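Chemist: Sending over a structure as structure tokens; questions will come in a sec.
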Amino acid sequence: MKKVLLYIAIAILVLVLGGLLAVYRSVVCIQLPHGAVMHVLPAWKSSRVHSAVILCPGGGFGFQESWREGYMWFPFFFLQGYTVALLEYRLPNHDVRVPMTDGEDAVKVMKEHADEWNYAKDGVGMMGFSAGGHVTSFLMVNDSVVARPDFAILFYPVISMQDGLAHEGTRNNLLGEHPSASLKDYYSNELHVSGNTPPAYIVVCTDDSIVSPRNAWCFYDAMRAKSRPVTLREYPTGGHGWGYRLTFAHHRQMVRDLAEWLENYQQQKDDH
């Protein structure tokens, strides 16, 4: 009996791995105009495609966490009928426009490919983690409609560049060690929320000792002040940088909460 169960387990594992391999072989590599790369997994055309999601990983603008905050999310979105992409943006090296430009390019290219990859041109969202959350929230408050995501998901995001609130390492890598007050203001995204800022879903752990949860809270407050649709989810433990890590204490709840928000957002969008 034990051998039979073992064979069944092995067979299931082989099928799962084979399925994942088939999925990842469908990934399309796109070279963006200014040199960044985006890896896109188009949804099945036979499925009900809701939207597209661009994943923007974190790493403090010193590196990128492309697995836990990137590729590991592909099955989650793919199985729900989303086209999903990972943006490998260029690191700034103190040229602040570099990652922002790559984010803008990613949104524009995804909108240009909407018909080919079977989603609406007004259905391109971005999911940013930590420093990737800064890129995402910067694009959210962008004046350019074609470079602005239609919805956003922010996981433990870096939002502000203000003293006492900014994550120092991230700010140093982005703006340099002695940025001017005007530069800090310009890239403090909570200061630029407007009536055009798209809906957002924000997730944070209240015990995050790396990037202060106050970043998420100040952006949430700014969204509320402008009457923009926003949802904030807080988990009591977990710290920073957990992404899709299965050992994150609230992983299952986090996935259910996100799936529920996506479903509600899509339903509201369809109703309008």
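The values are calculated or read from the model by the stated rules, or taken from the named source; none is laboratory data. Small disclaimer: the values here were computed from a predicted structure and weren't measured. Note that each Cβ is placed from the backbone with ideal geometry, even for glycine, and that neighbours are counted across all protein chains shown. The protein model used for the area step is the full one, side chains on, heavy atoms only, and it has no ligands, DNA or RNA in it. Shrake-Rupley method; radii C 1.70, N 1.55, O 1.52, S 1.80 Å.
Chemist: Could you check the range 229-272 and list, in sequence order, the residues that are within 18 Å of Phe74 (Cβ to Cβ) and exposed (fewer than 12 other Cβ atoms within 10 Å of the Cβ)?
Modeler: Leu246
Chemist: Report, ordered by the first and then the second residue, all pairs with beta carbons closer than 7 Å, sequence separation of six or more or different chains, a first member in the range 234-263 that is over 13 Å from Ile153 (Cα atoms), and a second member that is at pLDDT below 95.
Modeler: Hits for this filter: zero, empty list.
Chemist: A further question on this structure: Could you say whether any residue in the range 39-53 is farther than 25 Å from Ala114 by Cβ and out of contact with any helix residue (DSSP H, G or I) (no Cβ under 9 Å at 6 or more places or on another chain)? Break it down into steps so the answer makes sense when it comes.
Modeler: Step one: list which residues in the range 39-53 are farther than 25 Å from Ala114 by Cβ, which gives none.
No, the range 39-53 has no match at all.
Chemist: Could you check the range 97-114 and list, in sequence order, the residues that are open to solvent by 40 Å² or more (accessible area, probe 1.4 Å) and over 16 Å from Asp150 (Cβ atoms)?
Modeler: Arg97
Chemist: Now for a different question. Taking into account only those residues within the range 166-186 that are free of Cβ contacts under 8 Å to residues at least 60 places away in the same chain and within 14 Å of Ala131 (Cα to Cα), which is surrounded by the fewest Cβ atoms within 10 Å (Cβ to Cβ)?
Modeler: Only one residue fits best here, namely Glu168.
Chemist: Here's a follow-up. Filter the strands (runs of 3 or more DSSP E) completely within the range 54-172 down to those with at least 3 residues that are more than 26 Å from Arg214 (Cβ to Cβ).
Modeler: Where strands (runs of 3 or more DSSP E) fall fully within the range 54-172 and carry at least 3 residues being more than 26 Å from Arg214 (Cβ to Cβ), they are 83-88.
Chemist: In this structure, is Asn189 out of contact with any Asp or Glu (no Cβ under 9 Å at 6 or more places or on another chain) and surrounded by fewer than 16 Cβ atoms within 10 Å (Cβ to Cβ)?
Modeler: No.
Chemist: Quick check on the range 127-144: of everything there that is farther than 19 Å from Thr83 by Cα and among the aliphatic types (A, V, I, L, M), which residue is most open to solvent (accessible area, probe 1.4 Å)?
Modeler: This residue is Val141.
Chemist: Now a separate question. Considering only residues of the range 55-96 that are of a type in the set (S, T, N, Q) and either within 13 Å of the chain's Cα centre (by Cα) or more than 20 Å from Met161 (Cβ to Cβ) (or both), which is surrounded by the most Cβ atoms within 10 Å (Cβ to Cβ)?
Modeler: Ranking the candidates gives Thr83 first.
Chemist: Does Asp270 count as more than 21 Å from Glu69 (Cβ to Cβ) and of a type outside the set (A, V, I, L, M)? Outline the logic, then answer.
Modeler: Working: more than 21 Å from Glu69 (Cβ to Cβ): yes; of a type outside the set (A, V, I, L, M): yes.
Considered against the rule, which asks whether it is more than 21 Å from Glu69 (Cβ to Cβ) and of a type outside the set (A, V, I, L, M), Asp270 comes out as yes.
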